[in-house]
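Let me begin by presenting the structure, written as structure tokens, before commenting on it.
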């Protein structure tokens with residue numbers, strides 16, 4: 001069986017490498033690294049061209065990544081929210097990626113493929129945040145080459161061991177499949193537990209968009225706070241009129257300007273109001289008692305037909321420098 005797997009890759013060679021990498025980079029959980037490692041081993045035996053293997057894999061990366069990049073550039077935040085809804089860690093994937101982009105800009109693509117959860121998110125993210133096409137192709141091409149080169153090199157260097165590993169898996173038969181299945185199940189359980197623990201930690205009362213609208217219309221004066229990052233507001237320029245802009249890293253802005261007895265309503269665009277709940281917890285530790293995240297966040301407010309202001313680029317720049 002081990003030799004059959006190697007023969008299969010040797011027979012279809014570059015096409016199999018190309019398709020496997022393309023499908024994985026498109027977001028389907030079909031690991032391409034094992035295929036590239038075996039292809040690298042075959043290249044060391046001169047059964048596949050080394051440059052051809054690398055070129056096929058890098059081309060597949062660029063095609064899939066550019067499709068995601070274009071989707072992010074033309075459809076913006078909606079693409080990011082869709083990716084997070086199908087993620088095993090939806091509550092923080094966009095926020096963490098946005099923070100990484102703010103820090104590293106386009107160079108995030110150099111290491112994105114080595115970071116779990118970032119490989120698929122990074123291309124549409126940089127597209128949504130306005131990275132130009134030329135820098136995208138440069139950084140993504142270099143990052144893809146590094147990733148492909150690492151996998152293929154491992155196969156090339158350890159070619160003699162590849163056959164032994166495949167043979168061991170073949171001899172293990174159903175036991176190996178059960179072991180791999182158990183590892184996958186364990187991974188899913190761990191991610192579920194992390195999510196469950198997070199939601200318990202951030203459990204608190206929410207205010208609905210209807211309730212907030214009623215409070216405002218009836219003369220209430222809650223301070224509404226947009227807790228999204230600067231990067232998130234570049235992707236989605238909508239804000240609730242009059243909202244204070246302060247994310248998790250600039251809570252001092254709230255503490256310096258808002259008395260502790262003020263009613264605060266925090267909103268974001270994260271699944272489960274993740275960022276809003278984080279900031280609310282931090283403010284409660286500072287003595288704020290009347291703090292509630294907005295249920296459904298900005299999307300729910302906008303969908304209900306309540307007023308939304310779109311920030312201009314100039315406003316975003318001013319806010320970014322003020323924080």
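The values are calculated or read from the model by the stated rules, or taken from the named source; none is laboratory data. Fair warning: this is a prediction, and the values are worked out from it, not measured in the lab. As a convention, Cβ positions derive from the backbone with ideal geometry for all residues, glycine included, and neighbour counts pool all protein chains shown.
Computed values, structure above
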| read-out | value |
| --- | --- |
| Residue in the range 294-309 that is at pLDDT 90 or above, buried (at least 18 other Cβ atoms within 10 Å of the Cβ) and part of a strand (DSSP E or B) present | yes |
| Count of residues meeting criterion [modelled with pLDDT of 85 or more and within 20 Å of residue 158 (Cβ to Cβ)] in the range 22-37 | 5 |
| Check on residue 16, assigned to a helix (DSSP H, G or I), touching a helix residue (DSSP H, G or I) at 6+ places or on another chain (Cβ under 8 Å) and farther than 19 Å from residue 146 by Cβ | yes |
| Restricting the range 45-54 to residues that are in contact (Cβ under 8 Å) with a residue 40 or more places away in the chain and in a helix (DSSP H, G or I), the residue that is surrounded by the most Cβ atoms within 10 Å (Cβ to Cβ) | 53 |
| Residue within the range 168-175 that is at pLDDT 70 or above and surrounded by fewer than 20 Cβ atoms within 10 Å (Cβ to Cβ) present | no |
